[in-house]
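Let me begin by presenting the structure, written as C-alpha cells, before commenting on it.
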Amino acid sequence: MVACCAGSVSGGVRPGMPLSEARAVLLGPVGAGGESVEGLEVVEADEEADLRCLAEEGRRAWRFTPLVSVTPAARPGQVTGQVTGQVTGQVTGQAAGQAAGQDPRSRPESLLANITGCSHLFGDERGLARAMHEEWSGRGFSVRVAVAGSPGTAWAIAHSAHWTGQPWVPLVASPGRDELWMRRLPIEALALRPSVVRSLSELDVARVDRLLDLPAAEIKRRFGEETLGRIDRALGRWQEPLECLPMPDPVVACRSFDYPVSRADWLQEALRELVREVACGLKRRGRVTWRLVCRVQSEVSQSEPEWVEWVTGLVEPSQKAEHLWELVSLQSERRRWPAEVVRLEVLAQGVVVPERPQQTLFKTETEYEATTNGGVLRRGMARLVERLSSRLGETSVSRPVLCEAEVPESAVMLVRVGRERSVERSGERSGERSGERSGEEPWFGAVTRPLRLLEGPRPIEVMAVVPEGPPIRFAWESRAQRVVRYWGPERIETGWWAEGGVARDYYRVETDAGEWYWLFRRRGDDRWFVHGVFE
Amino acid sequence: MLEWINGEGPGSGAATLALLSAGGLIRRQDSGPAGTLAVVDRSGGFYTAAAAGLGLSPEGILLVRARSEGEWQWAMEQVLRSPAIDVALTWAGSLDDRVFRRWQLAAELGGGVGMLVRSSEVMGQASWASTRLMVRGCVGEEWAGGRRWRVRVLSGGVGRGAWRAGYQEREVMLELNDETGGLRLLPRLERTVPPGVSATG
C-alpha cells in the first residue's frame, strides 16, 4: 500500500503495509469476498496519473515563480501527494502518507520551486510561503510548504514537519541557518536508503546532528558513498540542478498579407479570425487568458516596418471566442488602423489553468456562490469593467481608495479595477508610510469637502473686510457672488520637507444664491483660489 | 431615471442630494453586500473623499472617466444596462432626446436607477425621467452646522400609498447634519418659523 487517508492512519494503518494487513487492522480478517470490503475503498495506484496531476499543480505554481520542478520520475509502487519549493533556493509541502522506496525524494509528491527574486512580490519569503499554502489548501489539498537555501533542505524541512507532528504551517529557514535546522531533524529527513536508516536507528543515531558528528570516512566505509552524497544533497552542500517544467509555447495566431492592406473592414475581419484561432488554441490546451495583445505591422517605408500594439485586458480570464472578440473589437473602435498593414498577430498573455470544475457531489462554497445572485453580480461586474476598459482605456475605469494625505488633491488614489487587493497588500506592507485607509470612515464632516474638486485651484478676485480675513465677495465664472455665511479658516499645511508643499487657509462659503464653494487663501502671497464646488 | 436639477448655479447641492439618495438605495439591500454606484464623470473632478464624507464607501464606487461626448453617452448606457450596477450617476447638460430615451430603456433592462444632475437650463426640455426634482439651497438661515435645501418635485411622484406626496407637499425642506451625516425632512412648523424665533415660542 502506497498511500492512505487520514482516517486509515488514525485506525493504525501505515503506508508500506501489505494491503491484507491494512484490511486486518481496519476491519478484521477478510472473507472470500474479494477486494471490496464495506467501508474500505481500495484504489489501484496510478503512478502516471499522479505525475500528470503533480505537473498540472506545478504549472499553477508559475503564479509564484517561473522555475518549478516536479520531483524525478518515480519507480512503481511509490505514490503519494505532496508539494514542495525553495526560496533564496526553494519551497516544500506535503499531503498524505508515504511508501517505502529507494529514494524518498523520487516520489512524485513534491514540487520544488526556485523563488529567488520572487518573494518581494508577496512581501517577503514568509508572505510567499503563506500565499503558496493558501493556494493549495484553499482547494482542499493538505500541503506543507518550507523555504530554505537548497532543494534538499527545503524538502527535508517540509517532510520532517510531517514526521515530527508539527502544525501544517509554512516553515521558513532564515538565510544561513539551513544546517541549524537540519541538525534538529530526524535522520529520515536525509532521504537515506531504508536499510541505512534502520542500521542507524539500531546504533541510536536518530537525529541528523548525531550522524554529522560521526567521521565522514566512517560513514562512507559502513554505509557507502551514496549515503554521503545524500547527506550532502540534504544539507545543500552541492548545487542540485532542477529540471524545471517547460514553459508552454505561446498561444499566438498571425496572418501575413501578400500586399499591404489599408481597408479597415478587411483588417477587422482578419483580426476576428485571429482572435478565433487564439480562442481555439486556448480551448485545445484547456487554458484561459488574462490578456490579448494585437500587434499590427505596417510598412510605411520598406526599410523601417512599424509595429503598433493594442492590449486588451480581462478582469476574469476567458477562452470564449465571442467574448474575446467583443472586447478586441470595442478597443479597435477607438484605435485607428495604420495604413499599409502587412502583418497581424494576436497573442494570448497570462495564460493560466482555469478554476477547477466541480469535483464533489455537493457544491463547494465557491461553486454555490457562482450560481447565486452574488456570483451573477460578480461576473456581471467583470463583464462591465472589461467592456468599459476595452472601449475607454484601462485607466478610465477605476475604484477610488482614500489616503490620509494633507493635500486634498492627494486624498484619493484611483486603482484599476481588479488591482484593489494588490494595493491593499502593498498598503499592509508599507503600513503607515503610505497612509492608505481603504474602506475606513473619513476623517472630516459630511459637508466639509466639495463633491467636485477642480483639476487645479483657479485664481479668483476676492474682497475681504480685513487682511487675512474671510471673503465677503468673489467673482466666479463671470458671476459676482456675495458671501452670506462662511466656515473657516481650516488650515491645511504640509511640512517644509515635503516636496511641492502647500500652506492654505480654506473657507467653505455660502453665497446669496444658496450655493456653496470651497475657497482658500494661499499663505505667503495672500492670493485667493477656488478649489471646489459643493455640487 | 431621476433628474436632480440645480435651482441656481452648480453649487446648489443637487449632486449631494443625489449621492445621499444613492447611498440609501445601495445600503437598502440588507440581505447581501452593499451595492455599487457607478459615477460616469466627464470632467474628472468627482471627489470621492466628499462622497465618503456623505457615507458612501469608496469600495462601492466604480468611477468611469469618459473623454468625449460619444464615449460618455456609450459608457452611461453600458452601466445602466448592467445588472451589477445599482445606481448610475452622471452630470448632463443638454441631452439629445434619443440618447435620453436609450438610457431610460437601458435602465429598465438593467433594473438599476439612473440619476442625472443637471442645470436649470434644461427645465424646458422634454425628459424621459420618471421624476424631476429641483434643488435650491436655503440662504442665511439661522442654524449652526449642516446644510438646508428646498426640494421641489417638478414632475413624477414621490413616495408610496398614503405617503405619496400630495400637491401641497410637492416642496419639502431637507437638512443635512454635518456632524452626524444624517439627512432629515424638516417638519412644516419648523420651516415656517421666522429666523431668530424658536419653534417652542
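The values are calculated or read from the model by the stated rules, or taken from the named source; none is laboratory data. Since the model is a prediction, treat every value here as computed from it, not as a measurement. Note that each Cβ is placed from the backbone with ideal geometry, even for glycine, and that neighbours are counted across all protein chains shown. For the accessible areas, the whole protein counts, side chains as well, though only heavy atoms, and no ligand, DNA or RNA atoms are used. Shrake-Rupley method; radii C 1.70, N 1.55, O 1.52, S 1.80 Å.
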| note | Distance in Å, no decimals, from the C-alpha centre of the stretch A:260-283 to the one of the stretch A:176-201 is 59
| Test item: A:512-520 mean partner chain Cβ contacts at 10 Å | 6
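Can you tell me how much longer the chain between A:R210 and A:E306 gets when fully stretched, taken as 0.36 nm per residue apart minus their C-alpha distance, in nm with one decimal?
Result: 27.8 nm gained on full extension.
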| note | Ranked output for segments B:42-52, A:519-529, A:180-190 by mean other Cβ atoms within 10 Å, highest leading, reads B:42-52, A:180-190, A:519-529
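If R₀ is 30 angstrom, what is the calculated FRET efficiency for the pair A:S410 and B:S120, using the beta carbon separation as r and rounding to 0.05?
Step by step, r from the Cβ atoms, then E = 0.30.
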| remark: For the stretch A:378-395, Karplus-derived ³J(HN,Hα) couplings (6.51, -1.76, 1.60; θ = phi - 60°; whole Hz; x for glycine and proline) come out as 5, 5, x, 5, 4, 5, 4, 4, 4, 5, 5, 5, 5, 7, 9, x, 5, 6
| With the contact rule set at Cα under 8 Å and sequence spacing of 6 or more, what percent relative contact order holds for the stretch A:180-272? | 25
| field | Estimated inter-spin distance, A:L180 and A:E490, nm [label 7 Å along Cα→Cβ] | value | 5.2
| query | Average partner chain C-beta neighbours within 10 Å, per residue of B:77-86? | reply | 4
| said: How much length would be gained if the chain were fully extended between A:A339 and A:W168, taking 0.36 nm per residue of separation minus their Cα-Cα distance, in nm to one decimal? | reply: 55.5 nm
| query | With each pseudo-label sitting 7 Å past Cα toward Cβ, what's the A:E243-A:D526 distance in nm, one decimal? | reply | 8.3
| Over the stretch B:17-93, relative contact order from alpha-carbon pairs under 8 Å, at least 6 apart, % | 40
| request: Show the residues, 5+ positions off or on another chain, whose built amide H is closer than 5 Å to the amide H of B:V113. | output: B:V87, B:A88
| How many square angstrom of accessible surface are buried between A and B, both sides summed, with a 1.4 Å probe and rounding to 100? | 4500
| request: Show the residues, 5+ positions off or on another chain, whose built amide H is closer than 5 Å to the amide H of A:L111. | output: A:V83, A:T84, A:G93
| Which value in nm describes the separation of the simple spin-label points at A:D124 and A:L228, placed 7 Å from the Cα toward the beta carbon? | 3.9
| field | Alpha-carbon Rg with Dmax, taken over the stretch A:147-242, Å | value | 12.9, 39
| query | Once Rh is set to the Kirkwood radius over Cα pairs, what Stokes-Einstein translational diffusion coefficient, in µm²/s, holds for the stretch B:1-98 at a temperature of 10 °C and a viscosity of 1.306 mPa s? | reply | 112
| note | Taking R0 as 25 Å and r as the Cβ-Cβ distance between B:L109 and A:R272, the FRET efficiency 1/(1 + (r/R0)^6), rounded to the nearest 0.05, comes to 0.40
| Along the Cα-to-Cβ line of B:L185, 7 Å from the Cα, sits a label point; which residues in the stretch B:1-30 have backbone N less than 17 Å from it? | B:17-18, B:20-22, B:24-25
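First measure r as the distance between the Cβ atoms of A:V25 and A:S201, then evaluate 1/(1 + (r/R0)^6) with R0 = 22 Å and state the FRET efficiency to the nearest 0.05.
The calculated FRET efficiency here is 0.45.
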| note | Expressed as a whole number, the average count of other chain Cβ atoms within 10 Å around the Cβ atoms of A:449-458 is 6
| Sorted peptide list for A:197-207, A:392-402, criterion being average Cβ within 10 angstrom, highest first | A:392-402, A:197-207
